[in-house]
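Read the figures in this text as sums done on the coordinates, not as results from a lab. Treat the numbers as computed from the prediction; the structure is a model and nothing was measured. Every residue, glycine among them, receives a Cβ derived from its backbone with ideal geometry; neighbour counts consider all protein chains shown.
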């Protein structure tokens, strides 16, 4: 994650997968997007170009302040931010979101709450941290990943099994675009 927001009008720090997917979706302009956690705004300004409204939540008020400060720089005003620890609470707007962006964050309990809260037909972009450094300790095992993916139509999926000599269950870094296909998926 970037430590501070950099003015990025060409969105070079956003995922190519996310950028390419958004380019192919015509009907999002009248839809609602949830970006969580928003961090320093790496994806939120790109999302705001494609959605009627984007709700961004993060645990860091500093990051949310950066997003608020850059709204006028990007000339983007369809963003609302609020402070929230997504590992403890899910945003009330989550159930009405048409698209959910979760980037560089992974918490199995959180993803399970998101899965249960979103409406059928909602799409979700999930990009976990990479395998570098100690990130693999926080990433899902194969069993956790399979449990999360059940109940979704997979639009895009790419993974990387992290090598860990000191863990019996290897963890998996992944990027996915999913569509919720059934209610109450557990």
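Compared with the dominant principal axis of the Cα atoms in the chain, helix 61-74 is inclined by about 50°.
Quote the FRET efficiency, to the nearest 0.05, computed for residue 62 versus residue 107 with a Förster distance R0 of 25 Å and r equal to the Cβ-Cβ distance.
On the way: r = 21 Å, r/R0 = 0.83.
Computed FRET efficiency for residue 62 and residue 107 comes out at 0.75.
Only helices enter the 222 nm calculation for the chain: every DSSP H run of n ≥ 4 contributes -39,500 (n - 2.57), and dividing by all residues gives -7500 deg cm²/dmol, rounded to 500. Working from label points 7 Å from Cα in the Cα-to-Cβ sense, the residue 120 to residue 157 distance is 2.1 nm.
Tell me, what is the FRET efficiency for residue 179 and residue 89 to the nearest 0.05, using R0 = 25 angstrom and their Cβ-Cβ distance as r? Don't skip to the answer; put the middle values down first.
Values: r = 24 Å, r/R0 = 0.98.
E between residue 179 and residue 89, to the nearest 0.05, is 0.55.
Against the main long axis of the alpha-carbon atoms of the chain, helix 108-117 sits at an angle near 60°. Rg over Rh for the stretch 12-121 works out to 0.93, both radii taken from alpha-carbon positions and Rh defined as the Kirkwood radius.
Translational D (Stokes-Einstein, µm²/s) of the chain at 4 °C and 1.567 mPa s when Rh comes from the Kirkwood sum over C-alpha pairs?
Details: Rh = 16.8 Å.
Taking Rh from Cα pairs, D becomes 77 µm²/s.
Taking 0.36 nm per residue of sequence separation and removing the Cα-Cα distance, the residue 96/residue 77 pair yields an extension gain of 4.9 nm.
Normalising by the residue count of the chain, find the relative contact order in percent from Cα pairs under 8 Å and 6+ residues apart.
Values: 356 pairs, mean separation 32.2, N = 186.
About 17 percent, as a whole number.
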